[in-house]
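This report concerns only the one structure given below.
Where a number appears in this text, it was derived from the coordinates with a stated rule and is not lab data. Everything quoted here is computed from the prediction, not taken from an experiment. As a convention, Cβ positions derive from the backbone with ideal geometry for all residues, glycine included, and neighbour counts pool all protein chains shown.
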Amino acid sequence: MTAATGWLVAGVTLLNIVACLWLIWATSRNNPNDVAEGEIKADVWDDDLRELNNPLPRWWLNLFIITIVFAVGYMVVFPGLGHYTGVLDWSTRGEMEQQLAELTERRTRKLDALTAAPIADIATNPDARRLGQELFGSYCAGCHGANAEGARGYPNLADDDWLYGGDPEAVVASITRGRQGVMTPFLSQLSEAQVAQLIALVGDWPEGAPRGQQAEGLSVFAQRCAACHGQDGRGNQALGAPDLTDDTWLYGGDDASIRETILFGRQGKMPAHADLLSEQEIKLLAGYVLGLAP
Ligand code: HEC
Ligand code: HEC
């Protein structure tokens, strides 16, 4: 509201009240041309309709005066006269801000209560899981999928298979600091025959010791790969080197995908979220993710 409209609003409002007062005063005086109060006036309508010169009923007049007094009181206490904010300094915006502050406080208290519990409990608490799921939708689903099912290069977080470990501390660390998987490229370091041996071994690693044709790849594996993936091919969670003996694949377990992985390497990157999320939010997310495991 500009200053001018402020004054205009205040002026019109006050004028209305004054007009009401004037109306009472004007109608309470007896017109000198009329007959005395209580007498019948001279005019006749519709043959026999006549009018008594009666004053306004007292109760009606009182009600009118009460409304005027109320209006004046209201204008003093609440905002209504242009820019004047009223004795109470009340405003819809102020009320909204107060309600918002209360809501935020209630939320914070609830969040504090929910996240005070260990992550293992958060994983089974439906209220906490709902909040975690919302956060997951906003921050994680773009890469890991709406149901955390993952995609090529983006690990499934809803299974029991972990690159970096599935205990609460490891999951919190993955989210907070991020992860950088480094599988070095072997394009110039291995012969075509060696690559073929490795694909045969890794593509279908048997339970127990590899034998026959598959065993041919074991010596190259021990030299080139075991440092990260382990002698038995079961991986190393400290490096995020996947277990190559199971049926879970990050980049694919067909010959072509494995070949691509060996020749060109892989650099999966999980971005750090320490600057995007509070500790409480990360706890909720870790609980949500861990609660997805079958
Ligand atoms: C930009 C894509 C991207 C986003 C966003 C992202 N991640 Fe990841 N995340 C990855 C990739 C890629 C990896 C695997 C890193 C690797 O290959 O070493 C990963 C790994 C992880 C791991 C480790 C999995 C394991 O098996 O140990 C966890 C846990 C995880 N992410 C949780 C989350 C959560 C929770 C969020 C949301 C806050 C999130 N990620 C957001 C790409 C992403
Ligand atoms: C420097 C450590 C390191 C060495 C050496 C290494 N890898 Fe890896 N490898 C990794 C890491 C880490 C990943 C996961 C990459 C990612 O998360 O993006 C990986 C991924 C893979 C994958 C993909 C698995 C999947 O689930 O899709 C295959 C296959 C693989 N390595 C095979 C090999 C073979 C064969 C060798 C030896 C020639 C080898 N690696 C040597 C660290 C290593």
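I'd like the GluC sites (Glu not before Pro) in region 17-106 restricted to DSSP loop residues with at most 10 other Cβ atoms within 10 Å, sorted by number. Display every interim value, and only then the final one.
Working: sites: 37, 39, 51, 95, 97, 102, 105; in loops: 37, 39.
When the GluC sites (Glu not before Pro) of region 17-106 are filtered for loop state and at most 10 Cβ neighbours within 10 Å, 37 remain.
Each Lys or Arg adds one and each Asp or Glu takes one away; over the other residues whose Cβ falls under 14 Å from the Cβ of residue 274, this sums to 0. Distances between every pair of Cα atoms in region 3-77, grouped in 10 Å steps from 0 to the bin holding the largest one, split as 15, 32, 26, 17, 9, 1 percent.
Using alpha carbons only, what's the Rg to Rh ratio of the chain with Rh from Kirkwood? Let's see the in-between values first.
Working: Rg = 41.2 Å, Rh = 27.1 Å.
Reported Rg/Rh, Kirkwood definition of Rh: 1.52.
Put a plus charge on the Cβ of each Lys and Arg, a minus charge on the Cβ of each Asp and Glu, and nothing anywhere else: the dipole of the chain about its Cα centre is then about 800 debye. Karplus-derived 3J(HN,Hα) values for region 198-208, using 6.51 cos²θ - 1.76 cosθ + 1.60 with θ = phi - 60°, are 5, 4, 4, 6, 6, x, 8, 5, x, 5, x Hz; glycine and proline are entered as x. Per residue of the chain, the DSSP helices (runs of n ≥ 4 H) give a summed -39500 (n - 2.57) that works out to -15500 deg cm²/dmol at 222 nm. Charging the Cβ of each Asp and Glu at -1 and of each Lys and Arg at +1, and nothing else, the dipole of region 192-267 about its Cα centre rounds to 280 debye.
For region 146-191 and region 1-43, what is the separation of their C-alpha centers, rounded to whole Å? Value for the Cα centre distance between the two parts: 83 Å.
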